[in-house]
Amino acid sequence: AQDLQGKLLDLLEELGNDRPFRQQAAELMAISFLVTVNRLLYDSLHERTQVFENVLYLRICDYINQHLEENLSLDSLAAYFYVSKYHISHIFKDSMGIPLHQYILKKRLHASRQAILSDQPISHVYQQFGFKDYTSFFRAFKKEYGVSPKEYRMQHRLT
């Protein structure tokens with residue numbers, strides 16, 4: 001702000017004197033003043049955007065954690081948070097390092113694993129946490145944990 005005030009005072013001083021090339025110097029000072037104003041505004045808006053994106057990312061994570069059993073498609077999240085699905089994808093990938101659908105899958109598998117260990121019937125677990133059918137649940141679980149849901153339960157009962 002002090003830099004801005006100094007540039008404005010220099011401009012006013014230049015306009016008030018009779019030195020040669022006064023007009024050209026004043027134009028350059030006016031441009032310098034406007035560039036400084038634009039940079040300050042840009043920085044201010046960029047900071048707010050970063051804060052907004054961080055808050056949005058955290059809100060999406062909370063929403064996902066509380067609604068694992070519901071439809072968590074990109075379209076439904078975009079509609080719920082009133083932002084474009086491309087914006088959500090971008091924010092999420094930048095913040096988490098993995099795509100949104102992968103994060104949701106990992107969260108659902110983790111919750112399923114906990115439910116399996118608490119002796120809930122596996123036939124209910126996959127439905128409870130948003131898997132469309134047992135086959136897709138089985139494949140995802142085995143890929144993530146290296147064993148089937150039933151094998152996982154048996155291995156962890158023994159320990």
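The values are calculated or read from the model by the stated rules, or taken from the named source; none is laboratory data. This structure is a prediction, so every number in the text was calculated from the model and none was measured. So basically every Cβ, Gly included, is an ideal-geometry build from the backbone, and we count neighbours across all protein chains shown. Areas reflect the complete protein model, heavy atoms only, side chains present, ligands, DNA and RNA absent. Shrake-Rupley method; radii C 1.70, N 1.55, O 1.52, S 1.80 Å.
Here the chain is described by how far its Cα atoms reach on the three principal axes: 92, 33, 20 Å, from widest to narrowest. With semi-axes defined as the square roots of five times the eigenvalues of the C-alpha gyration tensor, the equivalent ellipsoid of region 1-77 measures 52, 11, 5 Å, largest first.
Which stretch or stretches of region 122-139 have amide N atoms under 19 Å from the point lying 7 Å from residue 147's Cα along the Cα→Cβ direction? Within reach of a label on residue 147, which here means backbone N under 19 Å from a point 7 Å along Cα→Cβ, region 122-139 contributes 122-123, 125-126, 137-139. On a C-alpha basis, how far is the centre of region 12-46 from the centre of region 54-70 in Å? Whole number, if you could? Spelled out, the Cα-based centre of one part sits 47 Å from the other.
Accessible area per residue for the chain, computed on protein heavy atoms with a 1.4 Å probe, is 69 Å².
When the residues 18, 75 are ordered by accessible surface, computed with a 1.4 Å probe over the protein chains alone, the sequence from largest down reads 18, 75. Once both labels are positioned 7 Å from their Cα atoms along Cα-to-Cβ, the gap between residue 138 and residue 78 label points is 3.4 nm. Surface composition of region 93-159: carbon plus sulfur atoms contribute 53% of the solvent-accessible area (1.4 Å probe, protein chains only, all chains present). Count Lys and Arg as plus one, Asp and Glu as minus one, and take only other residues whose Cβ is under 14 Å from that of residue 116; the net charge is then +3. Computed over the chain, the per-residue total of -39500 (n - 2.57) for DSSP H runs of n ≥ 4 gives a 222 nm mean residue ellipticity of -26000 deg cm²/dmol, rounded to 500. Taken over the alpha carbons of region 1-43 as equal point scatterers, the Debye sum produces base-10 log I(q)/I(0) values at 0.15 Å⁻¹ of -0.36.
The magnitude of the dipole of region 1-155, with charges of +1 and -1 set on the Cβ of Lys/Arg and Asp/Glu and taken from the Cα centre, is near 1040 debye. Give me the tail of P(r) for region 111-159 as a percent: Cα-Cα pairs with distance above 16 Å. The calculated P(r) of region 111-159 puts 28 percent of pairs beyond 16 Å. Calculated on the Cα set of region 62-136, radius of gyration then Dmax: 13.4, 40 Å. In region 17-77, the portion of solvent-accessible area held by carbon and sulfur atoms comes to 58 percent [1.4 Å probe, whole percent, DNA, RNA and ligands not counted].
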